[in-house]
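The next block holds one structure in the form of structure tokens; read it before the comments.
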Amino acid sequence: MMLSNLDKPLPLCVDLDGTLLRTDVTQESLLLILLKKPHFVFKILWWFIQGRAVLKQHLADYVVPVPSKLPLNYIFLEYLEEEKQKGASLYLVTAADQAPAQAIANYLGLFDEVFASDGHTNLRHEA
């Protein structure tokens, strides 16, 4: 019997901020860095002026939120786990920087690949 492409679930692209997480990684990173290094406030403004991708990468150079401490959307996470068990490929696609996105993906162990901002491209909207 020949299997059709419909027998395998479609791949799912999963957003991170406000979808998988009940927070925003960049906001969490900003809070962390300001708590640890409040004197960085002017550096942060300079990074922001250079663009969101630059800001996110520099934040990730100094702080990466601990994935186990971030508020997950557990109902959505259960759905993703069920889809993964059915054979769906899962891709984490986010405007967050690559470092925290990869850390979260590694922590959850569900995703086949991570697509994230890289310091040059802010992976948002058309990007």
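Among beta bridges from DSSP that stay inside the chain, the antiparallel ones total about 10%. Each residue of segment 74-89 was assigned a 3J(HN,Hα) from its phi angle through the Karplus curve 6.51 cos²θ - 1.76 cosθ + 1.60 (θ = phi - 60°); the sequence is 5, 5, 5, 4, 4, 4, 5, 4, 5, 5, 5, 5, 7, x, 6, 7 Hz, with glycine and proline shown as x.
Binning the alpha carbon pair distances of the chain at 5 angstrom intervals from zero yields the distribution 2, 11, 20, 21, 17, 12, 8, 5, 3, 2, 1, 0, 0, 0, expressed in whole percent.
The modelled label-to-label distance between Leu72 and Arg22, using points 7 Å beyond Cα along the C-beta direction, is 1.3 nm.
Taking the 1.4 Å solvent-accessible surface of the chain as the whole, the part contributed by carbon and sulfur is 57%.
On full extension, the segment bounded by Tyr91 and Asp118 gains 8.1 nm, given 0.36 nm per residue less the C-alpha separation.
Among Asp17, Asp61, Asp97, the residue with the largest mean-square fluctuation in a Gaussian network model of the chain, with springs joining Cα atoms closer than 10 Å, is Asp61.
Any idea how many Lys pairs in the chain come in under 23 angstrom at the alpha carbon, given 8 or more places apart or on separate chains? Don't skip to the end; give the middle numbers.
Values: Lys8/Lys84; Lys8/Lys86; Lys36/Lys56; Lys36/Lys69; Lys37/Lys56; Lys37/Lys69; Lys43/Lys56; Lys56/Lys69.
The result is 8.
Accessible surface of Ile49, taken over heavy atoms with a 1.4 Å probe and every protein chain present, rounds to 120 Å². Working note: Karplus 6.51/-1.76/1.60 with θ = phi - 60° gives segment 55-72 the couplings 4, 4, 5, 5, 4, 5, 5, 9, 9, 10, x, 6, x, 5, 9, 7, x, 7 Hz, where Gly and Pro are set to x.
Within 10 Å of each candidate Cβ there may be at most 12 other Cβ atoms; applying that plus a DSSP loop requirement, which GluC sites (Glu not before Pro) in segment 13-93 survive? Present the calculation step by step, with values, prior to reporting the outcome.
Details: sites: Glu28, Glu78, Glu81, Glu82, Glu83; in loops: none.
Passing sites in segment 13-93 do not exist.
Placing one equal scatterer on every Cα of segment 85-127 and applying the Debye formula, the log10 ratio I(q)/I(0) at q = 0.22, 0.26, 0.28 Å⁻¹ is -0.69, -0.86, -0.94.
The values are calculated or read from the model by the stated rules, or taken from the named source; none is laboratory data. Not measured: the values here are computed from a predicted model. As a convention, Cβ positions derive from the backbone with ideal geometry for all residues, glycine included, and neighbour counts pool all protein chains shown. We work out accessible area using only protein heavy atoms, side chains counted, and drop any ligands, DNA or RNA first. Shrake-Rupley method; radii C 1.70, N 1.55, O 1.52, S 1.80 Å.
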